[in-house]
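Let me begin by presenting the structure, written as structure tokens, before commenting on it.
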């Protein structure tokens with residue numbers, strides 16, 4: 001009788017499946033992934049990654065290559081001790097010393113697996129192994145037997161299987177099964193095969209090798225032609241029930257099949273691939289970020305599932321569709337992979353509907369005329385600026401509103417400065433139509449000027465940035481001053497320009513305070529439910 005279980009697809013709906021449809025996930029981030037040039041992890045980093053893999057439901061964690069170094073041996077040993085649910089595998093060449101070392105490293109594991117491999121293709125046998133086909137068959141028999149005497153779970157791999165003749169590969173697989181292998185891995189070691197070809201290879205092996213129904217067939221596909229995930233899924237369709245993969249697809253050369261793509265491919269297209277895994281997909285984004293951080297390998301922006309742009313939309317047509325129904329341009333939800341939410345990226349391709357939605361999200365409600373004016377200025381900014389952030393949009397709106405509601409303007413400024421302080425500023429400002437003059441001291445002419453302004457516009461904002469930029473060359477150059485103020489989580493920037501740097505500074509400071517006044521009023525209105 002077949003056992004029936006349920007799992008959730010990418011939309012959160014329950015799907016009934018049986019255990020024959022269960023695909024085992026074998027993660028080799030800590031072994032094959034670490035072989036990627038420059039991706040070496042420390043002992044502590046390996047433990048951290050292994051703990052997360054174990055927690056997210058990875059069935060087998062290939063923790064390392066124990067014979068390779070003392071560090072790898074220690075990592076496999078410690079991960080074996082700590083793993084709660086995952087099987088822990090150690091890699092070993094078809095050499096007695098390798099196999100014994102792997103067995104030693106795995107002796108504390110609740111579920112140990114020795115993964116041993118040998119080359120089978122003519123090019124490897126001639127130039128790397130320098131062995132005959134019969135020699136390799138003898139090696140397979142003796143080393144798999146040795147591994148099986150140490151652990152109950154033995155995986156055997158035919159390195160460069162996809163460039164091996166089917167007749168000889170069948171003999172190798174049969175030999176491994178007879179010697180006690182429980183999993184047979186058919187690697188596309190150099191990323192050479194294509195899905196139709198790989199499907200046929202797995203099917204022919206399962207149909208043609210005696211005892212194949214007693215073992216699990218596994219895929220291990222490299223991405224040299226960009227087909228690693230496609231080939232892996234083709235193997236599953238042909239009857240393989242284990243996929244070897246890595247977080248972010250890291251690994252030798254162009255990398256391996258990406259775990260996150262395999263998992264979400266099966267969840268999202270369950271209609272054509274009725275299989276499931278035990279992976280908690282909501283942890284995929286977290287795993288991606290962790291592996292990227294410890295290996296110092298950035299994830300490409302357009303990487304499937306976990307890339308920065310995987311759930312981001314800038315095209316006006318796409319944004320309009322997303323606002324009407326999220327499935328118009330998303331085949332899975334960002335939450336299903338652990339990403340917070342869809343991102344509507346504002347840029348030159350964004351349309352009016354998306355811009356209005358963004359304004360509403362930021363708390364602005366503009367009339368039609370004001371909206372059109374602001375939208376046109378946004379498009380002009382997007383043509384000049386590569387990335388338009390929420391703060392840029394807020395600045396656009398606040399600047400216009402502040403310009404309309406400027407309650408304070410600089411009329412005249414006189415400053416006494418020199419080597420002896422304190423410096424003094426006499427400032428005349430127009431405060432809502434009335435001219436008011438004040439004097440203030442300060443530690444320098446700019447400080448004195450800002451103190452004078454503070455007398456007329458009392459506030460507790462912190463000066464986070466004061467920057468002076470000469471617009472043109474020469475001593476008579478116009479100065480452009482930027483002032484950034486922060487208050488209660490609000491941040492505003494004011495700019496001023498004048499041939500007199502102090503006058504430009506006063507104008508920038510006042511402009512920032514006017515914007516801050518608008519933000520206070522907007523926050524008060526939102527809190528009051530207006």
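Determine, for each peptide in 493-505, 153-165, 289-301, the mean count of other beta carbons within 10 angstrom over its residues, then list the peptides with the highest first. Intermediate results must be reported in sequence, preceding the final value.
Values: 493-505: 18.6, 153-165: 23.2, 289-301: 16.3.
Ranking, from highest mean packing down: 153-165, 493-505, 289-301.
I'd like to compare 421-433, 166-178: which one has the highest average count of other Cβ atoms within 10 Å, and what's the full order after that?
166-178, 421-433
For segment 26-170, give the share of DSSP beta bridges that are antiparallel, in percent and rounded to the nearest 5; count only bridges with both residues there.
0 percent
Give me the percent relative contact order of segment 39-194, please, defined on Cα pairs under 8 angstrom at least 6 residues apart.
18 percent
Which of the peptides 57-70, 238-251 is most tightly packed, and how do the rest follow, going by the mean number of other Cβ atoms within 10 Å of each residue?
Peptide ranking by packing, descending: 238-251, 57-70.
Defining a contact as two alpha carbons under 8 Å apart and six or more residues distant in sequence, what relative contact order in percent does segment 197-294 show?
23 percent
In segment 21-295, what percentage of the DSSP-assigned beta bridges are antiparallel, given to the nearest 5?
Antiparallel bridges: around 5 percent, rounded to the nearest 5.
Read the figures in this text as sums done on the coordinates, not as results from a lab. Just so it is clear, the structure is predicted and the values come from calculations on it, not from any experiment. Counting neighbours? That spans all protein chains shown, and the Cβs are built from the backbone with ideal geometry, glycine included.
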